[in-house]
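Structure first, commentary second.
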Amino acid sequence: MASGDSGAGGVVDDRPVGSGELDAIAIVSVINRHSVRYVIIGAFAAIAQQAPIAPTRDIDFTPEDSAENLQRLSEALKELDARIRTGPDEGGLPFDHDARSLRRADIWNLICRFGEFDIEFRPAGFFTGYSELVRRAHRLIVNEVEILVADLDDVIRSKELAGRPRDLRVLPALYRHQASRRNG
């Protein structure tokens, strides 16, 4: 975890927005405190399942997209002081949001004092998003915080279909890890 308290215990963290270091557990803790239903996807989900890949700069969430859940997500984003992540402006751009406005985009690239994170409603290969991912997702405890992560097979499927160079680079390690879990 990053220096300063993660906020999981309610202690204020005074890092500036865009400080560069990811404290994923702090972000998850705030989202959990607001009872947001989500599945963590991407590299963080794979790493939480012991995949031997390098961490990325962000954590990716696929939230359940009901109006009630998106309102809770909006409240969590306000607590995080989440901002739209941009290239040259490391602190991001402020944005006003509510449940309805969050649903107007398929992906939100965000930043807060705990680091970068993405809200992705329909990851590659999962047209209905949360409802597909949650069926095979796993509840895990990471640093004493409960998280719900996408199944490794689903992480692999999404990375294959996204086809981005950064996704393709980690696939061999994910395939090996998947095979060792099946054979072990």
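Things to note:
- Arg139 paired with Ser66, simple spin-label distance in nm, labels 7 Å along Cα-to-beta-carbon: 1.7
- Environment charge of Ala24, counting only residues whose C-beta is closer than 11 Å and scoring Lys/Arg +1, Asp/Glu -1: -4
- Electrostatic tally near Ala162: other residues with Cβ closer than 14 Å to its Cβ, Lys and Arg +1, Asp and Glu -1, net -1.
- Cα lying deepest toward the dipole's positive end in the chain, options Asn109, Leu73, Ala179, charges on Cβ: Ala179
- The stretch 59-132: chymotrypsin sites (Phe, Trp or Tyr not before Pro) falling in loop per DSSP and having at most 12 other Cβ within 10 Å: Phe127
- Anisotropy class of the stretch 43-112 from Cα gyration tensor, a/c 1.5 cut: oblate
- Rounded to the nearest Hz, the phi-derived 3J(HN,Hα) couplings of the stretch 119-128 under the Karplus curve 6.51 cos²θ - 1.76 cosθ + 1.60 (θ = phi - 60°) are 10, 10, 6, 9, x, 3, x, 9, 4, 9, where x marks glycine and proline.
- Between the stretch 121-167 and the stretch 98-113, the alpha-carbon center distance in angstrom: 18
- Taking a Cβ cut-off of under 13 Å around Arg136, the surrounding Lys, Arg, Asp and Glu residues balance to a net charge of -1, with basic ones at +1 and acidic ones at -1.
- Gyration tensor (alpha-carbon) shape descriptor, the chain, a/c threshold 1.5: prolate
- For the stretch 98-184, applying the loop criterion from DSSP together with a ceiling of 16 other beta carbons within 10 Å to the trypsin sites (Lys or Arg not before Pro) yields Arg103, Arg104, Arg135, Arg136.
- 3J(HN,Hα) couplings calculated from phi for the stretch 94-106 with the Karplus curve 6.51 cos²θ - 1.76 cosθ + 1.60 (θ = phi - 60°) are, in sequence order, x, 8, 9, 8, 8, 4, 5, 5, 4, 6, 6, 10, 7 Hz; Gly and Pro show x.
- Sorted ascending by nearby beta carbons within 10 Å, beginning with the fewest, Thr86, Thr128 become Thr128, Thr86.
- About the centre of its Cα atoms, the stretch 41-184 shows a dipole size close to 600 debye [charges on the beta carbon of Lys, Arg (+1) and Asp, Glu (-1) only; nearest 20 debye].
- Taking every alpha-carbon pair under 8 Å whose residues sit at least 6 apart, the chain reaches a relative contact order of 25 percent.
- Among Asp106, Asp151, Asp96, Asp60, the ranking by other beta carbons within 10 Å of each residue's beta carbon, starting with the fewest, stands as Asp96, Asp106, Asp151, Asp60.
- Amide H within-cut-off set for Thr86, under 5 Å, with H built and near neighbours excluded: Gly92, Leu93
Bear in mind these aren't lab numbers, they're just calculated from the coordinates by the rules spelled out. Quantities reported herein were computed from a predicted structural model and do not represent experimental measurements. Note that we place each Cβ from the backbone using ideal geometry, even for glycine, and neighbour counts take in every protein chain shown.
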